[in-house]
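To keep things clear, I will list the structure first and then write my remarks on it.
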Amino acid sequence: MNNHKTYTLEYNKDEILNVLKKYLNNQSAVVKCSILEVSQISKILDFKVPIKSILYFQLPPKFVSNIHKDYYLASEISYALNLPLSECNDVSMKWFNQVQPNTGVEFFPGPSYGRPTPALNYENAICKDDINYNLPTLVKINDWHNVTNYSTNTTATFISIRYKDLSPDSKF
């Protein structure tokens, strides 16, 4: 596995969305779930691997994120399990190579504690891989990547579950 691995998992999307209902609207959002929300979602999923944190994503139509790395997590988290919740058929994640090292990088506040997150200029990036988000997918988050909702009329929602010791061989 280089950047992603698709899984077949059964989970109740409606129950998870019910836990996150206060965030549901038609605006763009990346929200770090509270300890209570993580606990509630963990009970719904009943996975064997303990969850470190969960990010909730809400992508309006035609949304394109920055190319970025979840850099501050690189020392402890390399992968996340992304679970589509609604309208994710037109959502993709892409991974990029940086063309010119040490150039074209800026920082923006990330969702977790507002820590600086590196963003790569599109002019300094070449796409090397991509996947659609219509299935549960283990994704590499400590490499340059972005997320796009290609839909012209639907808002997509998914969660990104971060585990301390997650690997492509993990069993859920």
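The values are calculated or read from the model by the stated rules, or taken from the named source; none is laboratory data. Here the structure is a predicted model, which is why all the values come from computation and not from measurement. Neighbour counts run over all protein chains shown; Cβ positions are idealised from the backbone, glycine included.
Of note:
- Contact map, region 15-26: residues that are of a type in the set (V, I, T) paired with residues that are surrounded by 12 or more Cβ atoms within 10 Å (Cβ to Cβ), Cβ distance under 7 Å, separation 6+ or inter-chain. Pairs shown: I16/I41; I16/I44; I16/L85; I16/I159; V19/E37; V19/Q40; V19/I41.
- Count of residues meeting criterion [over 18 Å from V91 (Cα atoms), polar (S, T, N, Q) and buried (at least 17 other Cβ atoms within 10 Å of the Cβ)] in region 41-66: 1
- Unmet requirement for V91, which otherwise passes all of (1) under 25 Å from Y11 (Cβ atoms); (2) in contact with an Asp or Glu (Cβ under 8 Å, 6 or more places away or on another chain); (3) not aromatic (F, W, Y): (2)
- Pick from region 139-164, criterion among the β-branched types (V, I, T) and more than 14 Å from L83 (Cα to Cα), ranking: surrounded by the fewest Cβ atoms within 10 Å (Cβ to Cβ): T152
- Criterion (at pLDDT 95 or above and either within 18 Å of the chain's Cα centre (by Cα) or within 27 Å of I16 (Cα to Cα) (or both)) met by exactly one of K52, K69, K62, K48: K62
- Complete set of residues in region 73-109 that are surrounded by 13 or more Cβ atoms within 10 Å (Cβ to Cβ), closer than 30 Å to Y7 by Cα and modelled with pLDDT under 90: L73, I77, S78, Y79
- Residue count for region 27-42 under the criterion of being more than 19 Å from L138 (Cβ to Cβ) and free of Cβ contacts under 8 Å to residues at least 12 places away in the same chain: the result is 4.
- Of all residues in region 103-132 being among the polar types (S, T, N, Q) and either outside any strand (DSSP E or B) or without any contact (Cβ under 8 Å) to a residue 12 or more places away in the chain (or both), the one that is nearest to I159 (Cα to Cα): S112
- Elements of type strands (runs of 3 or more DSSP E) in region 1-102, at least 3 residues being at negative phi and not aliphatic (A, V, I, L, M): 4-6, 53-59, 79-86, 91-98
- Listed by first and then second residue, the pairs with beta-carbon distance under 6 Å, at least 6 apart or on different chains, first residue in region 43-70 and over 28 Å from Y150 (Cα atoms), second of a type in the set (S, T, N, Q) and buried (at least 16 other Cβ atoms within 10 Å of the Cβ), are V49/S170.
- All positions within region 110-136 that are among the hydroxyl-bearing types (S, T, Y) and either at pLDDT 95 or above or farther than 21 Å from I54 by Cβ (or both): Y122
- The set of residues from region 117-138 being under 24 Å from S42 (Cα atoms), buried (at least 19 other Cβ atoms within 10 Å of the Cβ) and of a type outside the set (A, V, I, L, M) comprises Y133, P136, T137.
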